[in-house]
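**Student:** One structure coming up, written as structure tokens, with questions to follow.
The values are calculated or read from the model by the stated rules, or taken from the named source; none is laboratory data. All values reported here derive from a predicted model rather than from experimental measurement. Here the Cβ positions follow ideal geometry from the backbone for every residue, glycine too, while neighbour counts run over all protein chains shown. Ligands, DNA and RNA are stripped out before the accessible areas are found, and what is left, the full protein with its side chains, is counted by its heavy atoms. Shrake-Rupley method; radii C 1.70, N 1.55, O 1.52, S 1.80 Å.
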Amino acid sequence: MPNSTTVTEFLLTRFSDVWELRVLHAMLFLLTYLATLMGNLLIVTVITINWKLHTPMYFFIRNLSVLDMCYISVTVPKACVIFLLDNTAISMAGCTAQIFFVVAFVTVEFLFLTIMAGDRYVAICQPLHYPVVMKPQVCVQMTLASILSGLVHSGFHTGNTFRLPFCQSNVVHQFFCDMPSLLKLSCSDTLNNEILIFISSVVVAGGCFAFIIMSYFHIFSTVLKFPNRGEQGKAFSTCVPHIFVVTIFVSSAVTVYVKPTSSSPTYQDMLTSVFYSIVPPFLNPIIYSLRNKQIKEAVKRVMRRKLYLGKSIIV
């Protein structure tokens, strides 16, 4: 054992040690964070107050927005702090919490995206069965099952990671705590952990991605048979953004969690993590909802109502 000192805290890594770049990174992360919160909160508010949007598709879009606000809040605020302050330490409890919630939210995000693909499949390929298959009780049950599955999956991997002894370097080569980075710091054999992470990543991400691909294969096959080109364009407009988000999210997450653990971390690993921890929550309200005609009309009505109330108060 090279060092018998037990690690009690970890040191996160910045993208740069140059002060000007640290400030720039902090500003970019903060602006992205605020834009993500505002965009997703707007979607949640509009869908909640507009009864016309109380349908299964918008129910899951709202769930995804709430999830994304929680997801990005786990990593970005702490990253902004370490960018601006000289102290980059995070406690063992804080690191444990980050890993637990990141894995949980990533898992639930995969499941939500899969359910949303299934929702589009039933709506387009089996429209007559849609009211029965996607009734409100079923939507709530699928949401709760996804959350419970994410928590169980995350609890297993978090416990399996922190049962390992950390007695070497305490420098995490990442701007937040994640399992691949922590495994590099353990002074014991991590092969079993790596195998379990690989298997679970392939099962969860691969299974969800395969289901989504099959769903859209059937969806596109059905849409191409539509006689009306307008209906084809409407169907494609609701499917293509979903595929875009899924591709970015799955490819970046799989790159981090499926590849073998390397003893020589690179900044490319940190940049890849940005694409699954920050970019999807930021893009979701833009390409899912703000491009949606019904959402945009609902947003305009809400804004007009606020302007009208504001003028009434002034008068």
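**Student:** Filter the stretch 135-145 down to the residues that are more than 11 Å from PHE59 (Cα to Cα) and of a type in the set (A, V, I, L, M, F, W, C) and list them by number.
**Tutor:** Those that are more than 11 Å from PHE59 (Cα to Cα) and of a type in the set (A, V, I, L, M, F, W, C): VAL138, MET142, LEU144, ALA145.
**Student:** Regarding SER73, is this residue of a type in the set (Gly, Ala, Ser) and surrounded by 14 or more Cβ atoms within 10 Å (Cβ to Cβ)? Break it down stepwise before answering.
**Tutor:** Values: of a type in the set (Gly, Ala, Ser): yes; surrounded by 14 or more Cβ atoms within 10 Å (Cβ to Cβ): yes.
Yes; evaluated as a whole, the condition is true for this residue.
**Student:** While we're looking at this one, here's another question. Determine the pairs where a residue that is without any contact (Cβ under 8 Å) to a residue 40 or more places away in the chain, located within the stretch 189-214, has a partner that is outside any helix (DSSP H, G or I) and buried (at least 16 other Cβ atoms within 10 Å of the Cβ) with Cβ atoms under 6 Å apart, the partner being 6 or more residues away or on another chain.
**Tutor:** Short answer, once both residue conditions are applied: none.
**Student:** Could you check the stretch 186-196 and list, in sequence order, the residues that are of a type in the set (A, V, I, L, M, F, W, C) and open to solvent by less than 10 Å² (accessible area, probe 1.4 Å)?
**Tutor:** none
**Student:** Please find, within the stretch 205-228, the residue that is modelled with the highest pLDDT out of those that are in contact with a helix residue (DSSP H, G or I) (Cβ under 6 Å, 6 or more places away or on another chain) and open to solvent by 20 Å² or more (accessible area, probe 1.4 Å).
**Tutor:** Looking at residues that are in contact with a helix residue (DSSP H, G or I) (Cβ under 6 Å, 6 or more places away or on another chain) and open to solvent by 20 Å² or more (accessible area, probe 1.4 Å), I get PHE211.
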